[in-house]
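Down below is the structure, laid out as structure tokens.
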Amino acid sequence: SGTVGATLQAMTFKKKSIAFSCDINHFKIVDKYFDLVMEYILNNHLLSDEYSLNVNFPTGEIVKGIKITNIYYRDKKTFYESVGENLYIARRNINDNECNEIGSDVYEVHHDNVSITKINKTNQFMEG
């Protein structure tokens with residue numbers, strides 16, 4: 001995403017960075033729980049210039065917890081649709097409800113938890 005891209009760019013300049021994301025029209029949950037999430041990040045010393053944080057909020061109206069997560073990869077669900085001669089659009093069939101990887105960002109968000117994933121420039125999640 002562009003938000004994550006901006007945080008990775010900040011890493012180039014050794015700046016600590018966080019990408020905050022939520023589903024469209026679900027901003028109330030961010031407003032309600034933002035301070036709690038920031039407190040968690042600061043109290044657990046999660047900010048670093050070695051990685052960025054990707055924070056995702058659940059789509060519901062409550063937060064049951066805050067989880068350190070890994071990335072749920074969706075790369076096998078991408079396909080390309082021809083829209084003209086030598087012109088294609090990348091599309092994804094996403095059914096995140098099928099995700100049963102406990103501890104992944106997608107799983108935790110769909111189970112009413114805020115997901116915090118440490119990511120680096122190689123797009124690899126970082127343990128702990």
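Read-outs: derived from the displayed coordinates by stated rules, not from any lab. Predicted model only: the values in this text are computed from it and were never measured. For neighbour counting, all protein chains shown are included, and Cβ atoms are generated from backbone atoms with ideal geometry for every residue, glycine included.
Data overview
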| read-out | value |
| --- | --- |
| Segment T78-V63, extension gain: residue separation times 0.36 nm, minus the distance between their alpha carbons | 2.4 nm |
| Cα-based shape type of the range 1-70, given that a ≥ b ≥ c are square roots of the gyration tensor eigenvalues and the cut on a/c is 1.5 | oblate |
| Cβ crowding within 10 Å averaged over residues, with 7-18, 101-112, 23-34 ranked highest first | 101-112, 7-18, 23-34 |
| Too-long pairs where the Cα-Cα distance tops 25 Å, listed order kept, from K28/K121; K16/K121; K32/K121; K15/K64; K67/K121; K14/K64 | K28/K121; K32/K121; K15/K64; K14/K64 |
